[in-house]
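What follows is a single structure, written as structure tokens, with notes after it.
The values are calculated or read from the model by the stated rules, or taken from the named source; none is laboratory data. What you are looking at is a predicted structure, and each value in this text was computed from that prediction instead of being measured. Here the Cβ positions follow ideal geometry from the backbone for every residue, glycine too, while neighbour counts run over all protein chains shown. Ligands, DNA and RNA are excluded from the accessible area calculation, which covers all protein heavy atoms including side chains. Shrake-Rupley method; radii C 1.70, N 1.55, O 1.52, S 1.80 Å.
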Amino acid sequence: MTTSEPERTQVAIVGAGPAGLLLARLLEAAGISSVVLEARTRDYVERRLRAGVLEQGTVNCLREAGVGDRMDREGLVHTGLELRFEGEGHRIPLAELTNGPGVVVYGQQEVVKDLIAARSDSGLPLHFEVEDVALHDLDSDSPRVTYAQDGEHRELRCDFVAGCDGFHGVSRASVPERSRQIYAREYPFAWLGILASVAPSTEELIYAYHEHGFALHSMRSPTVSRFYLQCEPGADLADWPDERIWEELNLRLSGSDGLSIHSGPVIEKGITPMRSFVLEPMQHGRLFLAGDAAHIVPPTGAKGMNLAAADVQVLAAALGDFYAHADEAGLTGYSDKALRRVWRAEHFSWWMTSMLHRFPDHDGFADRLQLSQLRYVCSSRPAATVLAENYVGLEVT
Ligand code: APR
Ligand code: PHB
């Protein structure tokens, strides 16, 4: 393999998911140079199916970053959601309880497509299909990232590295064990998710607690629906033919209102593990972790992408202060500041998950506590407001 001349940038960004791409965009606006390195192909990154609920703060950030036009045209504004249990639906009026606009349903891969298109329009470096990414000299003022691309060894010299490479990336592993703490929970279930080309059977999302397990009815557009079913952690897709999925969705989402779920061609099917994970601190020397590289939430609270967006807003502002005013306070405080929001989302996602799923080890006592909690959230305005504030992502830590 040949070795090319070292390249130089201010911030090396590892990973082109929402965290890395949005950070690159925010840095561009602040006049800070960056190079984004992504292991997968553009096509893969743009198709990867993930969650799709945007908090208002994320929506505003995307708009301000000049990448909100398609989201504003195609995103679905939701002013409420429904909790369903014991065969009854209960609406949580998110917008009314928080005096805000609610949330926007817009797929994560659409956000990723918009950010990639913007980067490419700006003609700024975003390298796909890079291999063997390794981080070096993170304790110095001039770290380096080495990688391979098109049969060449390459080196990127920079001032800072942003580790935005998700849960399975290399960045987190570059933090020495003695310098970090991990806090984690595994859940005794997973989600089976499908995307189907069929009109949603509901206008707002339905989160259902049922004796067979949790179910969620979400959507992507007036003609595309997204569903999830609680399943065993080691479930095999072969045991979930489409007919069984539709049957189970109809059962778990059924109610006294006679809701019936329209079935249609299944475009995608997959299993998502459920875990909570936080690495502290989110910084080591000149390496700053953001998004799934630093933390994971179970998807029940729809927080994953919003947290990634919140992290990089804090990081971009800190880097802006560093370059514009030689002020390092934001960088020094990055981890503490980001972690306050991370832990609020960790708690909320754990709480929603605990409230809405069937736990294999639950006895009658635990089941009754769960139902009582659900009834309380749906009948007390302050309790519903707790859910609403967290769901829409108000700045409360
Ligand atoms: N080198 C370069 N890129 C890498 C490497 C590597 N060694 N390892 C992983 N990547 C890339 C992945 O291919 C992916 O495109 O890093 C990117 C990380 O993106 P995401 O996993 O989407 O993570 P993040 O940007 O933090 O976004 C968090 O994604 O998983 C969801 O629910 C989560 O919605 C949340 C969001
Ligand atoms: C989704 O639409 O994919 C979705 C919505 C809400 C969640 C999780 C996923 O809580």
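Just one of the listed residues (264, 270, 285) is in contact (Cβ under 8 Å) with a residue 40 or more places away in the chain and under 28 Å from residue 350 (Cα atoms), and it is 270.
When residues in segment 47-60 are screened for being at pLDDT 95 or above and within 14 Å of ligand 1 (Cβ to nearest atom), 4 of them pass.
Name the residue that is surrounded by the most Cβ atoms within 10 Å (Cβ to Cβ), counting only residues in segment 197-207 that are aliphatic (A, V, I, L, M) and within 21 Å of the chain's Cα centre (by Cα). Looking at residues that are aliphatic (A, V, I, L, M) and within 21 Å of the chain's Cα centre (by Cα), I get 206. Counting only strands (runs of 3 or more DSSP E) that fall entirely inside segment 223-325 and contain at least 3 residues that are within 16 Å of ligand 2 (Cβ to nearest atom) and at pLDDT 95 or above, the qualifying elements are 224-231, 266-280. Applying the criterion of at least 2 residues that are away from ligand 2 (no atom under 16 Å from the Cβ) and closer than 22 Å to residue 144 by Cα to the helices (runs of 4 or more DSSP H) found wholly in segment 1-71 leaves 18-29.
Under the condition of being modelled with pLDDT of 95 or more, surrounded by fewer than 19 Cβ atoms within 10 Å (Cβ to Cβ) and part of a loop (DSSP other than H, G, I, E, B), the residues counted in segment 364-397 number 1. Among the conditions (1) open to solvent by 10 Å² or more (accessible area, probe 1.4 Å); (2) within 16 Å of ligand 1 (Cβ to nearest atom), the only one that residue 266 does not satisfy is (2).
Among the candidates 322, 288, the residue that is of a type outside the set (Asp, Glu) and within 20 Å of the chain's Cα centre (by Cα) is uniquely 288. Give segment 208-220 a look and list any residue that's open to solvent by less than 30 Å² (accessible area, probe 1.4 Å), within 11 Å of ligand 2 (Cβ to nearest atom) and under 21 Å from residue 95 (Cα atoms), or say none. Passing the criteria: 216, 217, 218, 219.
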